[in-house]
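Trainee: I am attaching a structure below and will ask some questions about it afterwards.
The values are calculated or read from the model by the stated rules, or taken from the named source; none is laboratory data. Note that the structure is predicted; figures quoted are calculated from it, not measured. So basically every Cβ, Gly included, is an ideal-geometry build from the backbone, and we count neighbours across all protein chains shown.
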Amino acid sequence: MRGPLSVLAGLVLGAVVAALLLAAMVAFVPEADLSTPSPVAIATPATAPTSEPSSTPSPAPSVQPSPSVASAATGVASSPSGSPGLFHIGEPAPALSVPQVGGGTIELANLKGQPVWVDFVATACPSCQVEFPLMNDFANRYAKNGLVVIAVDVREDEGAVSTFAEGLGATFPIALDADGSAATAWNAVNLPVHFWIDKDGIVRDGALGGIGADVMARGLQTILPGVTVTP
């Protein structure tokens, strides 16, 4: 019996020693180690992080184009009721007093009460050569409705302009803007440029040059109410 009792006593003694050692280790562990914060509780730095640039550029502010912008792209004012822009649409037409080829003076103010089509031109302009015969046709067809068509040549001498008009068989009056002041007042910076003015002297439509009979007819329709204008 002596052998088994010795073994049992050794096991009990070993357990007691192990318990004492464990207690001693716990007593010497620093309290700070037991209170180490969890990683999810780390505060975000006070400075805001720099945002990465977006790969997609921010859209530009929406801006509605004025008739002048639309006309530069299409050759005709997009909305006669829009802002005046290049063509002075909805505004009284600028003053126009210019000498006429062959003598006399063209005064736009004297044409109040009649629809007027003003076209600023130059003899070197290819579009003008194409447009003059079309303008002739409209001028002849709608003269009975009071339509007056005027071409204003910019910065050229009368001899060259007269030869040009005769060569194209122009039947409407041609005026001379020798110093370009009229073109400046009308914002006619690109030639040719058309303006359609109603009987009250208000610009109702406009177009940059290089247009056809269909665009001309639409412009005339704005100043010939009650008349069916065809190309």
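Trainee: Residues in segment 209-225: is at least one out of contact with any strand residue (DSSP E or B) (no Cβ under 7 Å at 6 or more places or on another chain), farther than 27 Å from Glu156 by Cα and of a type in the set (A, V, I, L, M, F, W, C)?
Mentor: Within segment 209-225, one or more residues are out of contact with any strand residue (DSSP E or B) (no Cβ under 7 Å at 6 or more places or on another chain), farther than 27 Å from Glu156 by Cα and of a type in the set (A, V, I, L, M, F, W, C).
Trainee: Separate question: So is Gly146 out of contact with any strand residue (DSSP E or B) (no Cβ under 6 Å at 6 or more places or on another chain) and without any contact (Cβ under 8 Å) to a residue 12 or more places away in the chain or not? Steps first, answer last, please.
Mentor: Working: out of contact with any strand residue (DSSP E or B) (no Cβ under 6 Å at 6 or more places or on another chain): yes; without any contact (Cβ under 8 Å) to a residue 12 or more places away in the chain: no.
So Gly146 fails the test.
Trainee: Tally the residues that are exposed (fewer than 12 other Cβ atoms within 10 Å of the Cβ), at pLDDT 95 or above and either out of contact with any strand residue (DSSP E or B) (no Cβ under 8 Å at 6 or more places or on another chain) or among the β-branched types (Val, Ile, Thr) (or both), restricting the search to segment 64-94.
Mentor: Count: 0.
Trainee: Something else about it: Just the residues that are in a loop (DSSP other than H, G, I, E, B) and farther than 15 Å from Ala95 by Cβ, please, taken from segment 181-199.
Mentor: In the first step, residues of segment 181-199 are kept if they are in a loop (DSSP other than H, G, I, E, B); the result is 186-192, 198-199.
Result: Val189, Asn190, Leu191, Pro192, Asp198, Lys199.
Trainee: Restricting attention to segment 109-137, which residues are surrounded by 22 or more Cβ atoms within 10 Å (Cβ to Cβ), hydrophobic (A, V, I, L, M, F, W, C) and either assigned to a strand (DSSP E or B) or in contact with a Pro (Cβ under 9 Å, 6 or more places away or on another chain) (or both)? Explain how you work it out, then say what you get.
Mentor: So the first thing to find is which residues in segment 109-137 are surrounded by 22 or more Cβ atoms within 10 Å (Cβ to Cβ), and the list is 115-121, 128, 131-132, 135.
Then keep just the ones that are hydrophobic (A, V, I, L, M, F, W, C); that gives 116-118, 120-121, 128, 132, 135.
Matches in segment 109-137: Val116, Trp117, Val118, Phe120, Val121, Cys128.
Trainee: Still on this structure, please answer the following. Could you grab me the full set of residues in segment 212-227 that are under 13 Å from Leu147 (Cβ atoms), assigned to a helix (DSSP H, G or I) and not polar (S, T, N, Q)?
Mentor: Matches in segment 212-227: Met216, Ala217, Gly219, Leu220.
Trainee: Being modelled with pLDDT of 95 or more and touching a Lys or Arg at 6+ places or on another chain (Cβ under 8 Å) narrows it down to one of Ile223, Ile150, Ile211, so name that one.
Mentor: On the way: Ile150 fails: touching a Lys or Arg at 6+ places or on another chain (Cβ under 8 Å); Ile211 fails: touching a Lys or Arg at 6+ places or on another chain (Cβ under 8 Å).
On inspection, the qualifying residue turns out to be Ile223.
Trainee: I would also like to ask the following. Can you run down the residue pairs with Cβ atoms below 8 Å, 6 or more apart or on separate chains, where the first is in segment 150-176 and within 17 Å of Ala188 (Cβ to Cβ) and the partner is of a type in the set (Ser, Thr, Tyr)?
Mentor: Close Cβ pairs (under 8 Å, with a partner that is of a type in the set (Ser, Thr, Tyr)) amount to Asp153/Thr123; Glu156/Thr123; Val161/Thr123; Ile174/Ser162.
Trainee: Can I ask one more? Does Ile197 satisfy the condition of being buried (at least 18 other Cβ atoms within 10 Å of the Cβ) and within 28 Å of the chain's Cα centre (by Cα)?
Mentor: Details: buried (at least 18 other Cβ atoms within 10 Å of the Cβ): yes; within 28 Å of the chain's Cα centre (by Cα): yes.
So Ile197 fits the description; yes.
Trainee: If you take the residues of segment 91-118 that are of a type in the set (S, T, N, Q) and in contact with a Leu (Cβ under 9 Å, 6 or more places away or on another chain), which of them is nearest to Phe132 (Cα to Cα)?
Mentor: Keep residues of segment 91-118 that are of a type in the set (S, T, N, Q), which gives 97, 100, 105, 110, 114.
Still in the list and also in contact with a Leu (Cβ under 9 Å, 6 or more places away or on another chain): 97, 100, 114.
Working: Ser97: 22, Gln100: 17, Gln114: 21 Å.
Residue satisfying both the conditions and the ranking: Gln100.
Trainee: Something else now. Is one or more of the residues making up segment 93-105 within 33 Å of the chain's Cα centre (by Cα) and over 14 Å from Ala182 (Cα atoms)?
Mentor: Checked segment 93-105: no residue is within 33 Å of the chain's Cα centre (by Cα) and over 14 Å from Ala182 (Cα atoms).
Trainee: Here's a follow-up. Could you tell me whether segment 156-172 includes any residue that is touching a Pro at 6+ places or on another chain (Cβ under 7 Å) and not in a loop (DSSP other than H, G, I, E, B)?
Mentor: No, segment 156-172 contains no residue that is touching a Pro at 6+ places or on another chain (Cβ under 7 Å) and not in a loop (DSSP other than H, G, I, E, B).
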